[in-house]
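The values are calculated or read from the model by the stated rules, or taken from the named source; none is laboratory data. Everything numeric here is computed off the predicted structure, so don't read it as measured data. No Cβ is skipped: glycine too gets one built from the backbone with ideal geometry, and neighbour counts run over all protein chains shown.
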Amino acid sequence: MDKSIRRLEFENLWGLLKQKREKQSSSFYTLKATKMRSSLLGKLFRRAYQKDSVVAWRSSFVPSEILFALDIIPFAPEGVIAMFANSHLTDEILRVAEDHGCSRDTCSFLRGIEGSVINDYMPMPDFLIATSLYCHGSAQVFKSLSKKYNKDFFYIDVPFHYERPYAVDYVAKQLEDMMKKIAEKSNRKFDIDKLKQAIIYSNQASDYFAKVNKLRMHKPSPMLGGEAIDYAVMLAHTFGIPEMVDICKTLYEELKERVDKGIGAVEEEKHRILWRQLRPYYTNTLFDYIERTHKAVIVFEEANCVYWKEMDPEQPFKSLAKKLLSNYGFGQVQRWLDFTNSFVIDYSIDGVIEFAHWGCRYLSASTQIVKDKILQSKNIPILVIDGDCIDRRDYSDGQVKTRIDAFIEILNRKKGYKK
Amino acid sequence: MQKTWVGEEKIKTEDLRIKIRKRGERMSGAIELVQNEYLIKEFIKTVKKRNEQFLKNKTSPIIGWCNTYVPEEIILAFGITPYRIMGAPTSISLSKAYLCGNISGNVQSLLECALRGDYKFLDGMIIGASTDATKKLFDAWLRYAGTPFNHLFDIPKFIYEGVYKHYRESINSLVEEIEAHFGNKITESSLKEAILVCNKTRVLLTALSNLRKDNNPPISSLEMLEICKLAMVSDKRFFNNELESLLTKIKITDIKNSAYRILLTGSFQDQPWLLESIEENNALVVCEDLCTGLRYYTGLVDEDVEPIEAITKRYIEKKPPSATLVSIDQRADFIFKLINEFKIDGVVYHILKFDDPYLFEFPDMKEFLESKFIPMLRIETEYTTSTMGQVKTRLQAFIETLKFTKYRKIEVDKNG
């Protein structure tokens, strides 16, 4: 397959975007860093459609540091589907995938990828890489698409028993082998120094982001959850380049200034909310309603947690393996419970909201245990909104808002607020 | 031929088949069919009775397991009885409090059965981490099911060169935890003995299933399902002896069966209603590529190599893969081989609602089977019988269409 097809793929997509893009509320973008973030993601997105780029499709958590060290564009189709949903492009894409045999009960991120490929909206990959972290479906879909494109598929097998002594070396070897193979196949130099540099950038960025997370513990919270949650996409996909360091540094400085001046994300913060899982990408009004209307600020999102320790650039593969293995959502649920417990304490949480993505078996299934083992004993209410991050066909704005009203009412009563 | 135990057993089982085929002059086929049915019923009754007694007067520990990638050999080598737990197609109420609703029905049902006390006799439980749902089942099981010993057996998700190490480590982890909890040790000889026992079960079940390659299958799919389920929950030595004896007695009949020959593949399926629904439409399920079928008993552990290595090789290489192993190419090849061997007229691809590996695999499998002009029907069911009516109608229509494809096939064969 000739890579000049990418031009056609981009034109297909651009035509649709121009037709359908609805002006989304940009009022959440209050920070310069957020604009820098959009600009970086846009730049990477456009480069992925260029003929001369080497593009690797990667599922969440595939270390982008390795790809940047090889001068390969990491392309995260799941993130792009979220962008399509934001532009209301997914109705058609999902329908096409369903006609092709994909069930509506599967994850709509993955279904969206299948539909986009059928419609030629995605840039043709040179490689596809998936990990065993979290969901099982992404590896299946990537493997299937690798056959369609006749491109190499790489799989990073991360053991579920992350604490086993062999795990770090086992994952590290896979990462090293993968980098060597990709370098060889794409005529890139396997330059370990470039990887070490990428690890240094990654460390700097994650250090700033961890400080950002710490600033968000402040009362009143300096940042809106509606603005913060989309950083999760960037956290998963752009570690290892200096631009990421600039963005995280700018974000830190902007929030620090707000904290120093005592400026909160909203006036009169009433409640502090912990957000679990992702968000519905086709609407921005939900967060607006919770945060600005009800003054219940989403002070932290679990997806934005910097759970890994500083990496050692002298041992890049081992460090990246440790990063993968330290993902709190992976492995038995106890580790996740411990993290949730610390979030609740550190961020002075009043209530928890979870947006339970319909196609996800992995994240939603732990909710009851979190409720039973962590939240009940602390008397912290949780609202679980069953919905779909991408597929808006069954979303009912009114119903969701009614449930939020009831939830806020509970929080108000607990705090003794009057209506 | 290599003179290994496995090789010898193969010859032995082949001898059984020859014996069966050469059995004297044949009486009228109808009488043989009735006799077969009686013999199978008696066999099932005997094994079930023995199981009941065993559970009543338990003399050794029992460990439950789910998922066919959990190596029974290891459990057996500890002197512990492996017991496959299966759900029940009753309504789900208790497990809803601990698992979300969009998880496949059989997983919910397993927890439901545990919560209502059906598995109280278990001394331990091993859950295979094959899907997102089973990983989450383990989290809930550990906290609410009340089994004294619990282990999550990690299963690799993709076949590649490093996968053997992963699986071996999973075995090591299992051995360490059983040793620590039950206080006894595994030895090389106990492991080899366990391999022999499990291999024998596989050989016998394969021989029984292969009887259906003939045009006049002496055993029905319902009987095969029942026997395979019994193999998973019985004292294997007793089961093997009984099944060996049954195999020598089963008679091949001359009655030609013109029913359409169906291959059933897809999600976990242990309930008879689906098979009954297919077979009430002039069709016979002659091959089950299921966890309660070929995926359980196909592929032997080589006894000539180091036991753990041999077990690893069996589960990764020799056992027919399930969709959880991201293995569409291997699965497609295997299914195509079965289609030829069992002279299949049509494939029923069954998916349990929310069972991701099969939901995601389906479009590729559909493309593959279409490219080979093999009729296929996809059906999606709940684990309970709530979708039975709808499924029956679809099956009826599908089997009706097989008439035309079969007729076309005969015409093509006739005219070259």
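Out of everything in the range A:116-148 that is in contact with a helix residue (DSSP H, G or I) (Cβ under 8 Å, 6 or more places away or on another chain) and among the hydroxyl-bearing types (Ser, Thr, Tyr), what residue ends up being nearest to B:LYS135 (Cα to Cα)?
A:TYR134
Is at least one residue of the range B:341-349 free of Cβ contacts under 8 Å to residues at least 40 places away in the same chain and more than 18 Å from the chain's Cα centre (by Cα)?
no
Pick from B:LEU205, B:LEU230: which is crowded, with 22+ Cβ neighbours inside 10 Å, of a type in the set (A, V, I, L, M, F, W, C), assigned to a helix (DSSP H, G or I) and modelled with pLDDT of 95 or more?
Step by step, each of B:LEU205, B:LEU230 is checked, and only B:LEU205 is crowded, with 22+ Cβ neighbours inside 10 Å, of a type in the set (A, V, I, L, M, F, W, C), assigned to a helix (DSSP H, G or I) and modelled with pLDDT of 95 or more.
Quick one: in the range B:366-377, of everything that is surrounded by fewer than 18 Cβ atoms within 10 Å (Cβ to Cβ) and in contact with a strand residue (DSSP E or B) (Cβ under 8 Å, 6 or more places away or on another chain), which residue is farthest from the other protein chains (Cβ to nearest Cβ)?
So the residue we want is B:ILE374.
Residues checked against (1) acidic (Asp, Glu); (2) farther than 30 Å from B:SER173 by Cα; (3) touching a Lys or Arg at 6+ places or on another chain (Cβ under 6 Å):
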residue	(1), (2), (3)
A:VAL117	no, yes, no
A:PRO125	no, yes, yes
A:SER138	no, no, no
A:PHE154	no, no, no
A:ALA167	no, no, no
A:VAL171	no, no, no
A:ARG188	no, yes, no
A:GLN197	no, yes, no
A:LYS211	no, yes, no
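Taking into account only those residues within the range A:107-120 that are surrounded by fewer than 24 Cβ atoms within 10 Å (Cβ to Cβ) and assigned to a loop (DSSP other than H, G, I, E, B), which is nearest to the other protein chains (Cβ to nearest Cβ)?
Applying the filter and picking the extreme gives A:ASN119.
Looking at the range B:162-187, I want the residues that are more than 13 Å from chain A (Cβ to nearest Cβ) and farther than 13 Å from B:GLU309 by Cβ and have a partner that is surrounded by 17 or more Cβ atoms within 10 Å (Cβ to Cβ) and basic (Lys, Arg) with Cβ atoms under 9 Å, at least 6 apart or on another chain. Which pairs are those?
none
Consider B:LEU142 against the criteria (1) within 30 Å of A:SER103 (Cα to Cα); (2) hydrophobic (A, V, I, L, M, F, W, C); (3) at the interface with chain A (Cβ under 9 Å from one of its Cβ atoms): it satisfies all of them except one. Which criterion is unmet?
Unmet condition: (1).
Scanning the range A:372-419 for residues that are modelled with pLDDT under 90 and outside any helix (DSSP H, G or I), which turns out surrounded by the most Cβ atoms within 10 Å (Cβ to Cβ)?
Restricting to residues being modelled with pLDDT under 90 and outside any helix (DSSP H, G or I), the top hit is A:TYR417.
Applying the selection to the range A:175-199, what residues are assigned to a helix (DSSP H, G or I) and either more than 26 Å from the chain's Cα centre (by Cα) or free of Cβ contacts under 8 Å to residues at least 40 places away in the same chain (or both)?
Within the range A:175-199, the first condition is being assigned to a helix (DSSP H, G or I), and the residues that meet it are A:175-185, A:192-199.
A:ASP177, A:LYS180, A:LYS181, A:ALA183, A:GLU184, A:LYS185, A:ILE192, A:ASP193 - these are the residues of the range A:175-199 that are assigned to a helix (DSSP H, G or I) and either more than 26 Å from the chain's Cα centre (by Cα) or free of Cβ contacts under 8 Å to residues at least 40 places away in the same chain (or both).
Considering only the range B:324-365, state which residues are farther than 19 Å from A:GLU98 by Cβ, part of a helix (DSSP H, G or I) and within 9 Å of chain A (Cβ to nearest Cβ).
Once the filter is applied, which keeps residues that are farther than 19 Å from A:GLU98 by Cβ, part of a helix (DSSP H, G or I) and within 9 Å of chain A (Cβ to nearest Cβ), the range B:324-365 yields B:THR324, B:ILE328, B:ASP329.
Could you please find all residues in the range A:349-388 being within 20 Å of A:TYR134 (Cα to Cα), within 10 Å of chain B (Cβ to nearest Cβ) and acidic (Asp, Glu)?
Selection gives A:ASP386 alone.
For the range A:135-161, which residues satisfy the criterion of being touching a residue at least 40 places away in the same chain (Cβ under 8 Å), surrounded by fewer than 20 Cβ atoms within 10 Å (Cβ to Cβ) and either at the interface with chain B (Cβ under 9 Å from one of its Cβ atoms) or closer than 14 Å to A:LEU324 by Cβ (or both)?
Residue satisfying the conditions is A:HIS161 alone.
Inspect the range B:380-397 for any residue being within 14 Å of another protein chain (Cβ to nearest Cβ) and under 20 Å from A:ARG111 (Cα atoms) and give the result as yes or no.
yes
With A:ASP91, A:ASP71 as the choices, which residue is within 18 Å of A:SER202 (Cα to Cα) and either crowded, with 18+ Cβ neighbours inside 10 Å or not hydrophobic (A, V, I, L, M, F, W, C) (or both)?
A:ASP71
Could you list all residues from the range B:104-139 that are touching a strand residue (DSSP E or B) at 6+ places or on another chain (Cβ under 7 Å), away from every other protein chain (no Cβ under 11 Å) and either part of a helix (DSSP H, G or I) or within 15 Å of B:ALA88 (Cβ to Cβ) (or both)?
B:GLY105, B:ASN106, B:LEU110, B:TYR119
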